[in-house]
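Chemist: Take this structure, written in structure tokens, and hold onto it; I'll ask about it next.
The values are calculated or read from the model by the stated rules, or taken from the named source; none is laboratory data. Owing to the predicted nature of the structure, the values given are computational and were not obtained by experimental measurement. A quick note on method: Cβ atoms are made from the backbone with ideal geometry, for glycine too, and the neighbour counts reach across all protein chains shown.
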Amino acid sequence: MLTLQTFKAMVAAAGDDIRAGEKLFSELDAAAGGDGDHGTAIVTAFNAMAKADGADFKGYLKALSDALQAEACGSTSTLYGAWLQGLGEAAPEGAAALDAAALAAAFKGGLDEIGFTTRARVGDKTLMDALIPATEALCAAQGEGVAAMLDAAAAAAAAGSEATAGMRAKFGRAKNLGDRSIGPRDAGSASMACIFAAFARAAVE
């Protein structure tokens, strides 16, 4: 089971790691032809989410989404807001702990919701290159328990992010560079992989 207390610790750990990686995420963004502000944007999002709270998964995830969308801006607010909203809507009513099946359903709900917001998919050099394989790996490992699910998700997200180095960007300002966007990892996928790595680590601490 994943308790709400542990999940809150996971979100806090992800925030710490995101703040530590702020410079890297912005450098990756600039190198791939973006605005060079992804680090600032994702840190702003996690700083906003640090103020959220809730008594159950559904309430906490809604509070995270609301806080992020109230204080953050741009695509980070839109995409992460949708992801968290989907996670919350798929969480059981009143649940303060999730078993493996409920956790898989919540993450699938999050992926489905963000999928309505962006047309990006694997191969487009976006955060979806980390999020989609992470979610698929998490769901596939649900028979092995929560810790194994999060480990599998973290490994898949890292591999997905690394793969973006060889991709041509198809979304955002970076797409205007064409083949010149090939080389650096996508910043959004890197921060998403960072989040899943923190989730997996904090879940067992």
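Residue-by-condition table, conditions (1) at pLDDT 95 or above; (2) within 29 Å of residue 121 (Cβ to Cβ):
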position: 4; (1), (2): yes, no
position: 16; (1), (2): yes, no
position: 22; (1), (2): yes, yes
position: 30; (1), (2): no, yes
position: 42; (1), (2): yes, yes
position: 60; (1), (2): yes, yes
position: 64; (1), (2): yes, yes
position: 72; (1), (2): no, yes
position: 91; (1), (2): yes, yes
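Chemist: Report the residue count in the stretch 41-56 for those that are among the small types (Gly, Ala, Ser) and over 18 Å from the mean Cα position of the chain (by Cα).
Modeler: Step one: filter the stretch 41-56 for residues among the small types (Gly, Ala, Ser), giving 41, 45, 48, 50, 52, 54-55.
The next check asks that each one be over 18 Å from the mean Cα position of the chain (by Cα); those that pass are 54-55.
Of the residues in that region, 2 qualify.
Chemist: I've got another one for you. Could you list, in sequence order, all residues of the stretch 129-155 that are in contact (Cβ under 8 Å) with a residue 40 or more places away in the chain and either touching a strand residue (DSSP E or B) at 6+ places or on another chain (Cβ under 8 Å) or buried (at least 20 other Cβ atoms within 10 Å of the Cβ) (or both)?
Modeler: Within the stretch 129-155, 129, 130, 131, 134, 146, 149, 150, 151, 153, 154 meet the criteria.
Chemist: OK, next. Looking only at the stretch 156-205, filter to residues that are among the basic types (Lys, Arg) and outside any helix (DSSP H, G or I); which one of those is surrounded by the most Cβ atoms within 10 Å (Cβ to Cβ)?
Modeler: Looking only at the stretch 156-205, we keep the residues that are among the basic types (Lys, Arg), and these are 168, 170, 173, 175, 180, 185, 201.
Imposing the further condition that a residue be outside any helix (DSSP H, G or I) reduces the set to 168, 170, 185.
Details: 168: 16, 170: 15, 185: 23.
Only one residue tops the list, namely 185.
Chemist: When you go through 97, 82 one by one, which is the residue that is closer than 24 Å to residue 3 by Cβ and either under 16 Å from the mean Cα position of the chain (by Cα) or not basic (Lys, Arg) (or both)?
Modeler: Numbers: 82 fails: closer than 24 Å to residue 3 by Cβ.
Of the residues listed, the single one that is closer than 24 Å to residue 3 by Cβ and either under 16 Å from the mean Cα position of the chain (by Cα) or not basic (Lys, Arg) (or both) is 97.
Chemist: Any idea how many residues of the stretch 7-38 are in a helix (DSSP H, G or I) and either closer than 16 Å to residue 49 by Cα or acidic (Asp, Glu) (or both)? Write out each step before concluding.
Modeler: The initial filter retains those residues of the stretch 7-38 that are in a helix (DSSP H, G or I), namely 7-20, 22-31, 38.
Applying the additional criterion that residues be either closer than 16 Å to residue 49 by Cα or acidic (Asp, Glu) (or both) yields 7-19, 22, 27, 29.
Summing the residues that are in a helix (DSSP H, G or I) and either closer than 16 Å to residue 49 by Cα or acidic (Asp, Glu) (or both) in the stretch 7-38 gives 16.
Chemist: Continuing with the same structure: For residue 97, work out the one condition from (1) without any contact (Cβ under 8 Å) to a residue 60 or more places away in the chain; (2) more than 24 Å from residue 128 (Cβ to Cβ) it doesn't fulfil.
Modeler: Status for residue 97: all satisfied but (1).
Chemist: Name the pairs: first residue in the stretch 55-80 and buried (at least 17 other Cβ atoms within 10 Å of the Cβ) and assigned to a helix (DSSP H, G or I), second residue at pLDDT below 95 and among the acidic types (Asp, Glu), Cβ to Cβ under 8 Å, at least 6 apart or on different chains?
Modeler: Partner pairs satisfying both residue conditions: none exist.
Chemist: Testing residue 51 on (1) among the basic types (Lys, Arg); (2) outside any helix (DSSP H, G or I); (3) buried (at least 18 other Cβ atoms within 10 Å of the Cβ), one condition comes back false. Which one is that?
Modeler: The single condition residue 51 does not satisfy is (3).
Chemist: I've got another one for you. If we keep just the residues of the stretch 124-142 that are more than 12 Å from the chain's Cα centre (by Cα), part of a helix (DSSP H, G or I) and not aliphatic (A, V, I, L, M), which is nearest to residue 100 (Cα to Cα)? Before the answer, list the steps.
Modeler: As a first pass, look at the stretch 124-142 and keep what is more than 12 Å from the chain's Cα centre (by Cα): 124-125, 136-142.
If we keep only those that are part of a helix (DSSP H, G or I) too, we end up with 136-140, 142.
Keeping just the survivors that are not aliphatic (A, V, I, L, M) gives 136, 139, 142.
Numbers: 136: 14, 139: 9, 142: 5 Å.
Filtering the stretch 124-142 for residues that are more than 12 Å from the chain's Cα centre (by Cα), part of a helix (DSSP H, G or I) and not aliphatic (A, V, I, L, M), the one nearest to residue 100 (Cα to Cα) comes out as 142.
Chemist: Name the single residue, out of those in the stretch 165-205 being more than 19 Å from the chain's Cα centre (by Cα) and of a type in the set (Asp, Glu), that is nearest to residue 135 (Cα to Cα).
Modeler: Among residues in the stretch 165-205 that are more than 19 Å from the chain's Cα centre (by Cα) and of a type in the set (Asp, Glu), the one nearest to residue 135 (Cα to Cα) is 205.
Chemist: Given (1) in a helix (DSSP H, G or I); (2) in contact with a helix residue (DSSP H, G or I) (Cβ under 8 Å, 6 or more places away or on another chain); (3) within 21 Å of residue 78 (Cβ to Cβ); (4) not hydrophobic (A, V, I, L, M, F, W, C), identify the lone condition not met by residue 121.
Modeler: The number of the failed condition is (1).
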